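Here the structure is laid out as structure tokens; the discussion comes afterwards.
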Amino acid sequence: MLMKNRLAFLLFCLVACISVPAQTIHWIIFADTQSYDIGDEVKNSVSVLTTQFIDRINDAIVPKGYYSPTPKIYRGSDFTEGNCNRTIQNLRCGNEDIIVFYYLGHGGRAEMNSAAEAEAYKNSHPWPDLQFDHNGGSQKEFLSLSNVHRKLKQKGARLTLTIGMCCNSSNSKYKKHGVSSQSRKYKLVGKKFAKKVGQKLFLKYKGDIMVSSAKPGQESQGGTYNGRDVDSFTSALCSTLDKYANNDTGESVTWSSFLNEVATRCNRNAMAYNNKAQTPKILNHAVLSK
């Protein structure tokens with residue numbers, strides 16, 4: 001009888017261990033790769049984002065007990081507002097999970113009839129609308145970045161990061177430019193980065209962050225990263241990680257200092273590309289957890 005009780009107890013422990021979900025980082029990417037004017041640039045940006053941001057952060061936090069499923073990347077005919085709404089609705093999170101939502105595509109804001117109305121609208125609604133195809137056709141649907149962020153925060157994750165890489169102007173047009181055809185393999189960062197930056201930002205902070213790649217009235221510009229044509233914001237994000245990966249720095253990094261550096265690099269990229277300012281708008285409610 002004693003042996004049976006012990007076996008039953010061991011079986012219970014095994015089942016309990018298997019049934020407890022691991023802390024998870026949820027990567028959700030919506031990318032307008034079929035756009036006639038920015039589709040190729042978006043494809044390059046997704047590739048760089050995956051290898052230089054997602055893989056790097058996973059390399060930092062997976063050894064610390066986080067599970068990272070294959071990123072959900074919605075592109076091509078899957079790039080619809082319906083998929084975005086369903087993905088958010090169906091997302092299930094534990095209170096120690098992390099959510100990273102990254103949108104790459106067209107965006108903009110409603111046109112007002114006067115300068116006064118435009119200024120009032122900018123102050124009350126500074127975040128862009130994200131532009132989706134409706135069922136793969138010519139009809140467009142729009143989701144507010146702020147509403148997407150609000151719904152993601154309601155999932156109860158420890159850290160929620162929502163990024164909209166899109167224009168924030170009433171005339172959301174990108175300037176088309178050549179696309180590099182070269183293929184590159186990127187080297188993952190070493191333990192120095194994982195310890196000093198990746199783990200600190202993603203494991204020691206809680207709260208939420210929302211970023212638009214441009215302030216109201218601004219367009220998102222193009223840029224380059226290691227010879228590939230990408231958007232200026234993704235280039236700045238990955239270049240900032242490069243700095244921490246290649247130098248013995250990072251002990252004092254905070255989300256505020258990190259995002260401010262990304263914003264500075266983004267504006268520098270945009271000015272070099274098209275001589276137009278592009279200063280990301282940042283809402284940072286992430287705080288160090290005890």
Fill in the blank from the handout: Counted residues in the stretch 233-243 being over 14 Å from the mean Cα position of the chain (by Cα) and under 12 Å from Ala270 (Cα atoms) come to 0
Exercise for the section: Within the stretch 103-120, identify whether any single residue is under 19 Å from Arg150 (Cβ atoms) and in contact with a Lys or Arg (Cβ under 7 Å, 6 or more places away or on another chain), and answer yes or no. Expected result: no
Exercise for the section: Within the stretch 213-233, identify whether any single residue is closer than 24 Å to His149 by Cβ, free of Cβ contacts under 8 Å to residues at least 40 places away in the same chain and surrounded by 15 or more Cβ atoms within 10 Å (Cβ to Cβ), and answer yes or no. Expected result: no
Problem - Selection count where residues are closer than 21 Å to Phe202 by Cβ and modelled with pLDDT under 90, scope the stretch 21-46 - result: 2
Exercise for the section: Test each condition in (1) within 23 Å of Lys281 (Cα to Cα); (2) surrounded by fewer than 18 Cβ atoms within 10 Å (Cβ to Cβ); (3) at pLDDT below 85 for Tyr174 and report the one that comes out false. Expected result: (2)
Fill in the blank from the handout: Those residues of the stretch 116-161 that are surrounded by 16 or more Cβ atoms within 10 Å (Cβ to Cβ), of a type in the set (Gly, Ala, Ser) and at pLDDT below 85 come to a total of 1
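The values are calculated or read from the model by the stated rules, or taken from the named source; none is laboratory data. Bear in mind the structure is a predicted one, so any value in this text is a computation, not a measurement. No Cβ is skipped: glycine too gets one built from the backbone with ideal geometry, and neighbour counts run over all protein chains shown.
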